[in-house]
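Novice: Right, I'll just put the structure down here and ask away after.
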Amino acid sequence: MDRRSFLKEMIHDLADVGKQIAGPYIEEKLDKIDRATDLITGVSWFTLGELSKGYDEQLVNGILISFFTEKEHILACSKTCLDCHELAHWISYQEELRCPECGRSYSLRHQEGTLNLKHYTVKKDTGGWQIALPAQGAAFHA
């Protein structure tokens with residue numbers, strides 16, 4: 001082995017050792033930043049039950065949530081019309097939520113419509129899917 005390849009290998013090995021030492025420390029700090037961000041924004045994460053393909057509903061932390069699953073993408077929104085506070089109905093043949101009070105609708109497949117719904121963030125975690133909802137004590141519109 002010549003001097004050049006030796007130094008190159010030495011630098012590569014030192015970089016790997018640095019990554020192994022600093023990796024867990026950086027990961028821990030990023031987790032703390034995520035938790036602090038959730039605390040500041042008033043968000044709590046809740047684990048979801050099994051979701052079926054297409055349309056599904058779950059009661060999460062006392063809030064009825066509509067889910068529309070297509071491949072690995074999940075759309076989550078409330079079932080309550082934010083304008084008239086009426087519970088929207090699922091119209092399966094049109095794949096949309098419709099408010100019986102004001103007549104507005106929202107297509108979950110195309111993500112368009114005039115029905116005003118609260119949308120929620122969903123993420124995939126090691127334990128399954130999780131949804132971000134307002135933390136206890138945080139104000140939100142039902």
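Novice: How many residues does region 60-87 hold that are under 14 Å from Lys118 (Cα atoms), within 22 Å of the chain's Cα centre (by Cα) and part of a loop (DSSP other than H, G, I, E, B)?
Specialist: Total meeting the criteria: 3.
Novice: I'd like the full set of residues that are under 16 Å from Leu64 (Cβ atoms) and either loosely packed, with under 12 Cβ neighbours inside 10 Å or of a type in the set (D, E, K, R) (or both), limited to region 78-99.
Specialist: Scanning region 78-99 gives Lys79, His85, Glu86, Arg98.
Novice: Can you find even one residue in region 103-115 that is under 13 Å from the mean Cα position of the chain (by Cα), at pLDDT 90 or above, in a strand (DSSP E or B) and buried (at least 17 other Cβ atoms within 10 Å of the Cβ)?
Specialist: Scanning region 103-115 turns up no residue that is under 13 Å from the mean Cα position of the chain (by Cα), at pLDDT 90 or above, in a strand (DSSP E or B) and buried (at least 17 other Cβ atoms within 10 Å of the Cβ).
Novice: Filter region 42-59 down to residues that are assigned to a loop (DSSP other than H, G, I, E, B) and farther than 12 Å from Gln130 by Cα, then give me how many there are.
Specialist: Matching residues across region 42-59 total 3.
Novice: Looking at Ser52, is it of a type outside the set (D, E, K, R), in contact (Cβ under 8 Å) with a residue 24 or more places away in the chain and either crowded, with 18+ Cβ neighbours inside 10 Å or out of contact with any strand residue (DSSP E or B) (no Cβ under 6 Å at 6 or more places or on another chain) (or both)?
Specialist: Considered against the rule, which asks whether it is of a type outside the set (D, E, K, R), in contact (Cβ under 8 Å) with a residue 24 or more places away in the chain and either crowded, with 18+ Cβ neighbours inside 10 Å or out of contact with any strand residue (DSSP E or B) (no Cβ under 6 Å at 6 or more places or on another chain) (or both), Ser52 comes out as no.
Novice: Here are some residues: Glu28, Glu70. Which one is loosely packed, with under 11 Cβ neighbours inside 10 Å, under 22 Å from Gly128 (Cα atoms) and charged (D, E, K, R)?
Specialist: Glu28
Novice: Of all residues in region 117-137 being part of a loop (DSSP other than H, G, I, E, B) and more than 23 Å from Ser105 (Cα to Cα), which is modelled with the lowest pLDDT?
Specialist: Filtering first and then ranking leaves Gly137.
Novice: Starting from region 100-118, keep only residues that are in contact (Cβ under 8 Å) with a residue 12 or more places away in the chain, then list their pairs with residues that are surrounded by fewer than 11 Cβ atoms within 10 Å (Cβ to Cβ) and not in a strand (DSSP E or B) whose Cβ atoms are within a distance under 8 Å, requiring at least 6 positions of separation or different chains.
Specialist: Pairs that qualify, where the first residue is in contact (Cβ under 8 Å) with a residue 12 or more places away in the chain and the partner is surrounded by fewer than 11 Cβ atoms within 10 Å (Cβ to Cβ) and not in a strand (DSSP E or B), are Lys118/His141.
The values are calculated or read from the model by the stated rules, or taken from the named source; none is laboratory data. If you're wondering where the values come from, they're calculated on a predicted model, not measured in any experiment. Cβ coordinates were reconstructed from backbone atoms using ideal geometry, including for glycine residues, and neighbour counts include every protein chain displayed.
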